[in-house]
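Here is the structure we will look at.
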Amino acid sequence: YQNNQRSFTLKVLKSKAKVLCFTDNLSWEFSFLKRFLSSQKYLECSFVIYGKGQKPLTPDFPKEEKELEQFDLLISVNSSADFFQSKEEKLNNLILKKGKSILLLLGPEAVTLSKISSNLKFLPLNLKSTAPIVMNFNLKLTQEGKYHSITNLVSAETDNSKIWSSLPPFWGLVQIDTVYPE
């Protein structure tokens, strides 16, 4: 009995990550992302879509912070400043204090976020109030980027470069006013 036992700690991870994807500007990007996320067996996805006048077309965005805390990741797809207004404090607490993650996919509505970007404390920057620069461009990795853990998708440098060069072009650039040093 004494030499046939061992104590250890086991962290049980939930089987599915919970994702909340939201927008107030329906687009092909949102439709594509919704189809993709819905097809992933390890994700449990909820989608919130707002229409004109910020009226929910689907179940409403969670009103209470406790409801938001159940999600592991929030994804905003080209959401406008109108969508974020009145949700700033909830999102700031969720991301900065509770350590939750948010992915902002910016588009033409990014210019409206410049009005409230200083209220969105989780943003590491302030956006310019000028429209995005529309131009198609492909990312080209710098020497450092070729070896960075975020951009190094495969171990072989040539294969990694092929992957990055085969991606479709980006639509445009959102201009930044200031970046916070912290």
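Computed quantities for the displayed model
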read-out: The stretch 153-182 residues that are among the small types (Gly, Ala, Ser), paired with ones that are surrounded by 12 or more Cβ atoms within 10 Å (Cβ to Cβ) and assigned to a loop (DSSP other than H, G, I, E, B) (beta carbon under 6 Å, 6 or more apart); value: Gly172/Pro132
read-out: Index of the failed condition, Leu43 passing every other in (1) over 27 Å from Ala131 (Cα atoms); (2) surrounded by 18 or more Cβ atoms within 10 Å (Cβ to Cβ); (3) not basic (Lys, Arg); value: (2)
read-out: Test: Trp171 is open to solvent by 70 Å² or more (accessible area, probe 1.4 Å) and either part of a helix (DSSP H, G or I) or out of contact with any Asp or Glu (no Cβ under 8 Å at 6 or more places or on another chain) (or both); value: yes
read-out: Residue that is nearest to Ile176 (Cα to Cα), among those in the stretch 96-117 that are surrounded by fewer than 16 Cβ atoms within 10 Å (Cβ to Cβ) and among the basic types (Lys, Arg); value: Lys115
read-out: Leading residue by the ranking (most open to solvent (accessible area, probe 1.4 Å)) among those in the stretch 137-152 that are aliphatic (A, V, I, L, M) and under 25 Å from Asn78 (Cβ atoms); value: Ile150
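The values are calculated or read from the model by the stated rules, or taken from the named source; none is laboratory data. All figures in this text were calculated on a predicted structure; none of them were measured in a lab. Because the Cβ atoms are built from the backbone with ideal geometry, glycine has one as well, and the counts that use them run over all protein chains shown. Just the protein is used for accessible areas: all its heavy atoms, side chains included, with ligands, DNA and RNA removed. Shrake-Rupley method; radii C 1.70, N 1.55, O 1.52, S 1.80 Å.
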